[in-house]
Each structure stands twice: as C-alpha cells, then as structure tokens.
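The values are calculated or read from the model by the stated rules, or taken from the named source; none is laboratory data. Quick caveat, the model's predicted, so the values are computed rather than measured. Glycine gets a Cβ as well: all are built from the backbone with ideal geometry, and neighbour counts include every protein chain shown.
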Amino acid sequence: MRERVIALRKKGYSFLQINRALGSNIPKSTISFWLKGIELSNLQKQKLETKRVKDLKVARQKALEVKKEKRKKYLENLLNENKWVIGELNDKKTKKITLAMLYLAEGSKTKKGSITIGNSDPLIIKLFLNLLRSCYEVDESKFRCTLQCRDDQNIEKLEIFWSKLTNIPLSCFYKARVDPRSINKKSRKMNYKGVCRIDYFSANIFNEFLVIFEILRKNMGL
C-alpha cells in the first residue's frame, strides 16, 4: 500500500486523490510519514497547487451556499414566529404606538410646532407616512419636503422620485440643500437618493408623540 501511495504521489496526486484512487481512508499523518523525503518536480508541485486552489474555491462556494440556506431557514422561522404582528397592526392604537416610537427614534425633537423626520432609506420614509396617514386625519397641504443631496446628483430627478414615493406634490418641496462637503467629489453609491426631510405642521401630533413616550417610559419604570 505504501508503494502504491508513493507511486500516485509521484504522479502529482494530492492526499485526497490518493485515498480516492485507492478506495482507502489512510490518515493524512500516515501518508505524510510514508511520503517523507519524496521530492516532486516543479510541474507536479504546480499541478498540486492548482488543484488545491480549485478545491478551496469549491469548498468556499459550498460553505457559502450552506450559510445562505441556513440564514434563509432562520429568517423563515422568525417570520412564522412573528406573523402575529400583522393582526396587531390592524389595530389603530398599536399603529399609533409604532408611529410614535419610529418618530422618537428617527425624528426631530426640537421643533415643537411640527414633526420633522429625515432619512435616506425610502422604506423608512414610506412607513412613517403610511402610519401617519392611517393614524390621523392629516391635512395634505401642511406637508413640506426638503431634499438633501450631493453636489453631483440630479436634483430634479431626485425630487420627482421622492414626490412619487411620498405622494407629496413638487409644489410642496423647499429648495434642495447640497452638502458643501460633496462639492467636486464623485459619489460612490450610485443608488443613493439623498436624504428626504419631511415636515408636517402639527404641534398637536408632536406633543402626542411625547405623551405616548412618557406613558411608556413610566410604565416600564424608567
């Protein structure tokens, strides 16, 4: 067996290939001991290195696929465990609490005469507006938008994008603000849509958010 192992090694076989060719399961330590002192040609070394790199690439790809599949199942389980949220969000009171928490996390707490929230994530802005419109009878004329973008971006296209997403007409947009730090600098993120700041003039809603937060704070003993 040792002679057969040596013969295969001289042909450029790897340890794994040797075991496969012999239909055996010889430990690597044993094969290494048997092959001690066996010199390989440069061509054989190159062949083994090429095989090693190829096997490593395949192994990494398989590991990545396994990891993706595990994560997929993990997220599916989380989704199934939390489907109860759908039913709860049909309740207006739950929506209002969710809206208040979202605003207190992402919105401005300094303008007491209005609610102001800005974000570069379209989903955050859309979620906020959907919750706001479903929890309150809003006056659409009280909305204002301000686009904050980079110097090399097309302001007109970005404003049209945010106008459609928010369902707020362009006539309610303030003049866009360009970040002075971006002047003469190329944007790296091609899908970046800038920051959309939403203002809605309502001191009552702003104060109600604060009251909801205060009630939750006291209830949690904070």
Restricting to region 137-167, count the residues that are over 27 Å from the mean Cα position of the chain (by Cα) and buried (at least 16 other Cβ atoms within 10 Å of the Cβ). 2
Which of the residues spanning region 170-205 are farther than 18 Å from ASP121 by Cβ, touching a strand residue (DSSP E or B) at 6+ places or on another chain (Cβ under 9 Å) and part of a loop (DSSP other than H, G, I, E, B)? TYR174, LYS175, ALA176, PHE201, SER202
Quick check on ASN42: is it at pLDDT below 90, out of contact with any Gly (no Cβ under 9 Å at 6 or more places or on another chain) and surrounded by fewer than 10 Cβ atoms within 10 Å (Cβ to Cβ)? yes
Pairs needed: first member in region 135-150, within 11 Å of TRP162 (Cβ to Cβ); second member anywhere, part of a helix (DSSP H, G or I) and among the charged types (D, E, K, R); C-beta distance under 6 Å; at least 6 residues apart or different chains. LEU147/GLU159
Condition test on LEU48, is it of a type outside the set (Gly, Ala, Ser) and touching a residue at least 24 places away in the same chain (Cβ under 8 Å)? yes
Within region 117-130, residues surrounded by fewer than 19 Cβ atoms within 10 Å (Cβ to Cβ) and among the hydrophobic types (A, V, I, L, M, F, W, C) come out as LEU123, ILE124, LEU127
For region 71-91, the count of residues that are under 28 Å from GLU137 (Cβ atoms) and exposed (fewer than 10 other Cβ atoms within 10 Å of the Cβ) equals 3
Residue count for region 179-201, restricted to those that are more than 25 Å from the chain's Cα centre (by Cα) and surrounded by fewer than 17 Cβ atoms within 10 Å (Cβ to Cβ): 6
